[in-house]
Amino acid sequence: MSYSHYSDEAPVITNLGAFDQQSGTLAERLLFNNRFIIAILCLIITAVLGYQSMGLTLNAAYDKMIPARHPYIINYLTNKSQISGGGNTLRIAVESKDGTIFDADYLETVRKITDEVFLYPGVDRPYLKSLWTPAVRWTGVTEEGLDGGPVIPDDYDGSSASLNQMRVNVERSGEVGLLVAANYRSSIIMVPLQEKVADTGKPIDYHQLSNKLDALRAKYENQHVRIHITGFAKVVGDLIDGMQQVLMFFAIAITICGGVLYWHTRCVRSTVLVVSCSLVAVIWLLGLLPTLGYELDPYSILVPFLVFAIGMSHGAQKMNGIMQDIGRGTHKLIAARYTFRRLFLAGMTALLADAVGFAVLMVIDIQVIHDLAIAASIGVAVLIFTNLVLLPILLSFTGVSADAAKRSLTAESSDEASKHPFWEFLDHFTTAKWATVAIAVSLVLGAAGFFVSLNLKIGDTDQGAPELRPDSRYNRDNGFMIENYAASSDTYIVMVKTGQFNCAHYDTIQAVDDLESRLEQLPGVESTNSLAKLAKRSAVGLNEGNPKWYEIPRSQDILNSIITRAPRELFNQNCDLLTVYAYLKDHKADTLDSVVKTVDAFALEHDSDKIHFLSAAGSAGIQAATNIVVKRANDQILLLVYASVIVLAFIAFRSWRAVVCAILPLMLTSVLCEALMVYLNIGVKVATLPVIALGVGIGVDYALYVMTVTLKQMKAGMSLSAAYYQALLFTGKVVVLTGITLGIAVATWAFSPIKFQADMGILLAFMFVWNMLGTLILLPALGYFLLTPLKHVVKV
């Protein structure tokens with residue numbers, strides 16, 4: 001059987017003078033007839049944007065991490081100024097290694113740390129709490145009635161008598177388990193943070209703040225004291241520190257991609273150009289971001305590599321086309337123009353699909369995702385020029401080595417008996433038997449993957465900071481907090497709105513107590529705190545410490561006397577807002593879901609004109625709102641990205657049958673990716689949600705390149721088998737090359753100290769490789785049943 005290669009439709013022209021320079025589309029003539037000017041302009045732009053990229057900063061903002069328009073967040077932001085520890089709070093635990101907190105040296109260390117942290121930029125100083133702050137008070141009963149004062153008295157002098165009095169005050173403060181560990185071996189300094197630094201009006205520099213905290217730890221830790229630090233600011237700081245290693249993995253990825261590409265081509269100049277054009281796209285992206293007022297954060301730091309990976313995929317296709325034409329004797333400029341003609345539509349459609357995969361992330365009402373989507377969309381827009389235009393133009397100057405050009409044609413043969421073994425194996429999937437088996441196996445995998453994916457969790461699946469390794473310093477510190485304090489850093493705050501000066505009414509406090517009782521029954525809740533709990537403790541104190549009186553006093557006068565000495569974080573100045581603190585064991589998806597359902601159900605039963613129970617503040621409350629938004633967006637994003645990709649594929653193919661062949665393998669990959677996330681215990685959250693959508697947008701690239709050539713050959717009268725075989729020779733070999741290369745490159749991320757980068761590497765590697773396999777195996781198998789009847793009428 002004789003095979004006519006895809007590029008044979010264009011004549012082999014060795015003499016540039018015999019080529020009509022005015023042939024081709026207007027865009028082709030405009031670009032290639034002015035290629036010197038285009039190349040010089042690109043060089044200038046690269047230099048300018050390279051300089052601009054030096055101003056790019058890496059930071060994060062707490063308000064960008066939250067879904068600002070979710071009802072929970074609106075409730076939180078409305079009452080934020082009246083809530084202590086509403087969300088962005090640092091917790092510094094100072095542990096005594098060889099004694100208790102009732103030690104003069106230990107207390108002096110806590111005082112120094114408190115004073116030093118108090119002056120940090122961005123600290124919400126009125127709400128800072130430690131044993132040394134006046135707001136931490138004790139309440140007791142004397143012969144004259146209720147009495148109280150600061151836990152550390154004004155006349156404290158470090159003597160044994162002062163320490164004994166302080167111990168009594170701590171026991172009467174109600175802070176045991178909250179601010180003081182139950183074993184009295186550590187205490188906490190609570191450091192609420194503002195959105196911006198008051199002195200400058202600029203966002204907090206979390207990297208700088210994290211470095212200050214590390215310096216603080218190094219300064220005060222010794223053989224007697226150990227310091228543990230948790231909170232959003234420390235997580236972000238550790239992530240930014242870890243981002244420096246991302247550069248190392250980025251370099252490894254570039255080396256792997258360049259090495260494998262050279263192994264495939266044995267051509268230095270073309271390999272360098274493909275890698276360089278992909279890096280130029282990254283430089284343009286990094287230069288445009290600060291120019292447009294954007295910065296990178298830990299969650300968008302992977303965007304530059306994704307842009308590089310997409311650029312390598314498209315660049316390798318252009319290089320391969322030019323190399324094959326030169327191998328047949330075509331002049332290098334003409335070969336570049338031929339390849340531009342053949343692959344520009346497929347490349348443009350694929351890049352638009354990539355852009356759609358990023359752009360649909362805008363439906364998520366979280367600013368950090370918006371920034372990621374914008375950065376990635378800018379990167380894809382840049383790739384349209386650097387890889388679809390600049391690379392062919394540069395190759396039209398340099399060409400490729402003669403040996404590499406000849407080697408690119410070695411797989412072609414006019415003799416069916418001497419087909420390349422690997423391409424011949426793939427060609428079997430265009431036959432009835434192999435196609436049926438492939439589809440049957442895919443159906444089984446899809447069904448199994450779907451049932452496993454039903455267990456996919458929304459939110460975090462581990463304690464501590466899931467972005468970091470379980471054995472990281474931060475997560476060890478978080479483990480210490482969970483082990484020693486009933487009040488964990490995962491705080492869910494319910495806001496209770498009443499009429500002005502009505503927060504101390506018996507009915508109000510009783511309703512708050514009922515809510516606390518329900519929350520305390522949940523397995524994920526360690527403890528709670530509210531004005532109702534304080535009232536019950538005070539009732540015991542007013543009755544000679546008899547625990548039988550542990551209930552809310554019915555006397556309004558007694559309640560009024562109790563509230564005058566209550567900590568201000570439990571109610572506001574107008575006495576129309578109460579706060580109920582639920583301290584959770586973790587912020588896992590199941591834990592948050594149970595709390596949200598309990599509070600919402602209670603609010604539905606008890607809300608009235610006089611009282612309203614509002615969710616939610618605190619780090620856990622904000623995480624719960626984020627999970628709700630992510631859960632809703634997960635399905636929306638997949639629907640939007642698939643709808644967009646289907647439309648783009650139909651524009652490219654003009655055949656619904658071809659669209660089905662291209663899209664079904666992507667759907668299988670999406671289902672299996674979710675099943676893999678369940679197996680690896682990875683939840684759908686801000687850090688992972690983009691990957692699921694990007695897998696569809698990036699994965700369709702392979703199908704577009706293979707299907708475009710296949711349809712073109714079938715239009716010329718070839719059978720599906722012959723057309724698919726030629727597609728394998730022309731674009732399929734590069735699909736295999738880029739799929740495996742990029743899969744290996746991102747798989748190296750699994751060794752990153754940043755866990756979410758490791759998770760992303762595993763998921764992206766899976767999707768790169770599996771989308772490749774779907775294109776090479778399932779696409780032709782589906783084509784056997786859908787495309788064969790159309791071989792003479794299909795249009796492109």
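The values are calculated or read from the model by the stated rules, or taken from the named source; none is laboratory data. This one's a predicted model, so the numbers in the text were calculated from it and none came from an experiment. No Cβ is skipped: glycine too gets one built from the backbone with ideal geometry, and neighbour counts run over all protein chains shown. Side chains are part of the model used for accessible areas, which takes the heavy atoms of the whole protein and leaves out ligands, DNA and RNA. Shrake-Rupley method; radii C 1.70, N 1.55, O 1.52, S 1.80 Å.
One residue is enough: does region 634-644 have a residue meeting the conditions touching a helix residue (DSSP H, G or I) at 6+ places or on another chain (Cβ under 8 Å), buried (at least 24 other Cβ atoms within 10 Å of the Cβ), farther than 20 Å from Leu577 by Cα and at pLDDT 90 or above? No, region 634-644 has no match at all.
Test Phe451 against the stated conditions and say whether it is more than 27 Å from Arg266 (Cα to Cα), open to solvent by less than 60 Å² (accessible area, probe 1.4 Å) and at pLDDT 90 or above. When the stated conditions are applied, Phe451 does not pass them.
Every condition in (1) over 25 Å from Thr89 (Cα atoms); (2) buried (at least 16 other Cβ atoms within 10 Å of the Cβ); (3) not aliphatic (A, V, I, L, M) holds for Trp263 except the one numbered (2).
Here are some residues: Lys212, Lys234. Which one is in a helix (DSSP H, G or I), of a type outside the set (A, V, I, L, M) and surrounded by fewer than 18 Cβ atoms within 10 Å (Cβ to Cβ)? None of the others qualify; the one that does is Lys212. Under the condition of being charged (D, E, K, R) and surrounded by 20 or more Cβ atoms within 10 Å (Cβ to Cβ), the residues counted in region 456-474 number 2. Assess whether Arg172 counts as being basic (Lys, Arg) and modelled with pLDDT under 90. Yes. Taking each residue of region 263-290 that is free of Cβ contacts under 8 Å to residues at least 60 places away in the same chain and looking for partners that are open to solvent by 10 Å² or more (accessible area, probe 1.4 Å) and part of a helix (DSSP H, G or I) with beta-carbon atoms closer than 7 Å, six or more apart or interchain, yields Thr271/Gly258; Thr271/Tyr262; Val275/Ile254; Val275/Gly258. Looking across region 36-57, not a single residue is modelled with pLDDT under 90 and farther than 18 Å from Gly379 by Cα. Within the option set Leu648, Leu614, being touching a residue at least 60 places away in the same chain (Cβ under 8 Å), in a strand (DSSP E or B), touching a helix residue (DSSP H, G or I) at 6+ places or on another chain (Cβ under 6 Å) and open to solvent by 10 Å² or more (accessible area, probe 1.4 Å) holds for one residue only, Leu614. A residue that is under 16 Å from Glu195 (Cβ atoms), open to solvent by less than 70 Å² (accessible area, probe 1.4 Å), at pLDDT 85 or above and touching a Gly at 6+ places or on another chain (Cβ under 6 Å) occurs somewhere in region 90-100.
Residue-wise test of (1) open to solvent by less than 20 Å² (accessible area, probe 1.4 Å); (2) under 30 Å from Asn475 (Cβ atoms); (3) part of a loop (DSSP other than H, G, I, E, B); (4) in contact with a Phe, Trp or Tyr (Cβ under 6 Å, 6 or more places away or on another chain).
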| position | (1), (2), (3), (4) |
| --- | --- |
| Ile552 | yes, no, yes, no |
| Asn574 | no, no, yes, no |
| Ala582 | yes, yes, no, yes |
| Asp586 | yes, yes, yes, no |
| Asp590 | no, yes, no, no |
| Asp593 | no, yes, no, no |
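Leu559 falls short of the stated requirement of being open to solvent by 10 Å² or more (accessible area, probe 1.4 Å), within 24 Å of Lys536 (Cα to Cα) and among the hydrophobic types (A, V, I, L, M, F, W, C). Any residue at all in region 9-30 that's at pLDDT 85 or above and not in a loop (DSSP other than H, G, I, E, B)? Yes.
Can we say Ala350 is part of a helix (DSSP H, G or I) and touching a Phe, Trp or Tyr at 6+ places or on another chain (Cβ under 8 Å)? Judged against the criteria, Ala350 is a match. Considered as a group, the residues in region 475-513 that are closer than 15 Å to Leu584 by Cβ, in contact with a helix residue (DSSP H, G or I) (Cβ under 7 Å, 6 or more places away or on another chain) and of a type in the set (S, T, N, Q) include one that is least open to solvent (accessible area, probe 1.4 Å), and that residue is Ser488.
When region 267-304 is filtered for residues that are polar (S, T, N, Q) and in contact with a Phe, Trp or Tyr (Cβ under 8 Å, 6 or more places away or on another chain), the ones remaining, listed by number, are Thr271, Ser278.
Show the residue pairs that are 6+ apart or on different chains and have beta-carbon atoms under 7 Å apart, the first residue being within region 357-372 and closer than 18 Å to Pro298 by Cα and at pLDDT 80 or above, the second being charged (D, E, K, R) and buried (at least 21 other Cβ atoms within 10 Å of the Cβ). From region 357-372, the pairs are Val368/Asp297; Asp371/Asp297. Could you count how many residues in region 357-378 are open to solvent by less than 20 Å² (accessible area, probe 1.4 Å) and part of a helix (DSSP H, G or I)? Final tally of qualifying residues: 11.
Yes/no matrix, rows are residues, columns are (1) outside any helix (DSSP H, G or I); (2) under 23 Å from Gly699 (Cβ atoms); (3) touching a Cys at 6+ places or on another chain (Cβ under 8 Å); (4) at pLDDT below 80:
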site	(1), (2), (3), (4)
His264	no, yes, no, yes
Gly293	yes, no, no, no
Tyr299	yes, yes, no, yes
Met312	no, yes, yes, no
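Residues considered: Pro192, Pro134. Of these, the only one that is on the phi < 0 side of the Ramachandran plot, at pLDDT 85 or above, open to solvent by less than 30 Å² (accessible area, probe 1.4 Å) and outside any helix (DSSP H, G or I) is Pro192.
Leu531 satisfies every condition listed in (1) closer than 21 Å to Leu577 by Cα; (2) open to solvent by less than 30 Å² (accessible area, probe 1.4 Å); (3) out of contact with any Phe, Trp or Tyr (no Cβ under 8 Å at 6 or more places or on another chain) except (3). Quick check on Asn502: is it farther than 22 Å from Gly231 by Cα, free of Cβ contacts under 8 Å to residues at least 60 places away in the same chain and not in a helix (DSSP H, G or I)? In short, no. When Gly174 is tested against (1) free of Cβ contacts under 8 Å to residues at least 40 places away in the same chain; (2) crowded, with 16+ Cβ neighbours inside 10 Å; (3) over 29 Å from the mean Cα position of the chain (by Cα), only condition (1) is not met.
Here Tyr106 does not fit the description of being surrounded by 17 or more Cβ atoms within 10 Å (Cβ to Cβ), assigned to a loop (DSSP other than H, G, I, E, B) and either modelled with pLDDT of 85 or more or out of contact with any Asp or Glu (no Cβ under 8 Å at 6 or more places or on another chain) (or both).
Applying the selection to region 441-480, what residues are β-branched (Val, Ile, Thr) and assigned to a helix (DSSP H, G or I)? Working first, answer last.
First pass over region 441-480, keeping only residues β-branched (Val, Ile, Thr): 441, 444, 452, 458, 461.
Residues satisfying the conditions are Val441, Val444, Val452.
Within region 533-550, being touching a residue at least 40 places away in the same chain (Cβ under 8 Å), aliphatic (A, V, I, L, M) and not in a loop (DSSP other than H, G, I, E, B) holds for one residue alone: Leu534.
The set of residues in region 514-526 that are open to solvent by less than 20 Å² (accessible area, probe 1.4 Å) and either over 15 Å from Ala601 (Cα atoms) or among the aliphatic types (A, V, I, L, M) (or both) comprises Leu515, Leu519, Gly524, Val525.
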